[in-house]
Amino acid sequence: MRILLTNDDGIGAPGIQALWRALSNIGQVTVVAPDAERSATSQAITVHQPIRVDEYCITEPKLCAWRVGGTPTDCVKIAVEELLPAKPDIVVSGINLGPNLGTDVLYSGTVSAAIEGALYGIPAIAVSLDTWQNGDFSIAAGFAAKLAQTVVQKKLPPNTLLNVNVPAVAADQISGVAVTKLGVRQYANTFERRQDPRGRQYYWMGGQIVENDNDADTDIVAIKNKQISVTPIHFDLTNYGLMNMLSDWQLN
């Protein structure tokens, strides 16, 4: 099995390195990942500056990869088009430090890398750990490796990926795996106005999660119940129900 591994936290992040080791037990892994953190880049691509690529290695065990001066989407594109001798059997993105739940997927670089794999017709999964602290990635890595094997064997429909969120708890506290839909995830954004040393004004964006009522079968509720959430996502954003209404508007 040929596996393309990437992320949005950067190639040196502990999440991707844990997943790197786990996936190496089940297949041939090629890592093509950003040289630094590229969180919340969504499906951005680099078109106005060069994309630099160089080799990156860790020593224990000896593993080498490609380090890319671009976005997660760039990484998948350049891997498939230039760096790999053949199309991979699966694209795996993660493990992200922090969850990607509900509408987070619209902003997530982790999920967007998996979307790019699916755009190429390659089965893809995105994996995130539900903590913003330095957590234990071993459970998420083990589950992702098992899921990757299953996905390659069972296949996925076209233009579809799996978004996985794993509770940051001990293995004996995880209460199973839930197949879920996306929940509603909203933030109360704040913009702190600051001034740089030259007196120019700038803003720093932050925000707090707004608690919403969510259906029992959503990814958000699954994580609250300490379940691993697996959400199938496809990216046909067409509102088919509205097409007939728009036709009635006689837009011609």
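Laboratory data are not the source of any read-out in this text; all were calculated from the coordinates shown. Remember, predicted model here, so these are calculated numbers, not experimental data. Heads up, the Cβs are rebuilt from the backbone with ideal geometry, glycines too, and the neighbour counts pull from every protein chain shown.
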Ordered by number, the trypsin sites (Lys or Arg not before Pro) in region 171-252 that occupy a DSSP loop and have at most 16 other Cβ atoms within 10 Å are ARG198, ARG200, LYS226
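How much net charge surrounds GLN201 when only other residues with a Cβ under 15 Å from its Cβ are counted (Lys, Arg +1; Asp, Glu -1)?
Numbers: positive: ARG193, ARG194, ARG198, ARG200; negative: GLU192, ASP196.
Residues near GLN201 contribute +2 overall.
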Any residue on another chain or 5+ positions along whose placed amide H is under 5 Å from the amide H of ALA168 is listed here as ASP130
Number of Lys pairs in the chain closer than 17 Å at Cα, excluding neighbours under 8 places apart unless interchain, is 6
Here FRET efficiency (C-beta to C-beta, LEU63 to LEU237, R₀ 41 Å, nearest 0.05) is 0.65
Sorted by number, the cysteines in the chain with no other cysteine beta-carbon under 4.7 Å are CYS75
Projected onto the charge dipole of region 1-83 (unit charges on the beta-carbon of Lys, Arg, Asp and Glu, signs +1, +1, -1, -1), the Cα from VAL47, LEU63, ALA33 with the largest positive-side position is that of LEU63
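Return the loop-located trypsin sites (Lys or Arg not before Pro) in region 1-95 (DSSP other than H, G, I, E, B) with at most 11 other Cβ atoms within 10 Å of their own Cβ; answer none if there are none.
ARG52, LYS62
As a check on your grasp of the helix formula, calculate [θ] at 222 nm for the chain: sum -39500 (n - 2.57) over DSSP H runs of n ≥ 4, divide by the residue count, round to the nearest 500. Intermediate results must be reported in sequence, preceding the final value.
Working: 6 runs with 61 residues, N = 252.
Roughly -7000 deg cm²/dmol at 222 nm, from the helical runs in the chain.
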Answer in debye to the nearest 20: the dipole magnitude of the chain about its Cα centre, from +1 Lys/Arg and -1 Asp/Glu charges placed on Cβ, is 300 debye
Using the Kirkwood radius over Cα pairs of region 126-252, the Stokes-Einstein translational diffusion coefficient at 4 °C and 1.567 mPa s, in µm²/s and rounded to a whole number, is 72 µm²/s
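Send over the Kirkwood Rh of the chain, from the inverse of the averaged 1/r over different Cα pairs, rounded to one decimal Å. Present the calculation step by step, with values, prior to reporting the outcome.
Values: mean 1/r = 0.0524 Å⁻¹.
Evaluated on the chain, it is 19.1 Å.
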In whole Hz, the Karplus estimates of ³J(HN,Hα) for region 151-163 (6.51, -1.76, 1.60; θ = phi - 60°; x where Gly or Pro) are 4, 5, 6, 8, 6, 10, x, x, 6, 10, 9, 10, 9
Per DSSP loop assignment and a cutoff of at most 11 other beta carbons within 10 Å, the chain keeps its longest run without exposed chymotrypsin sites (Phe, Trp or Tyr not before Pro) at 1-131
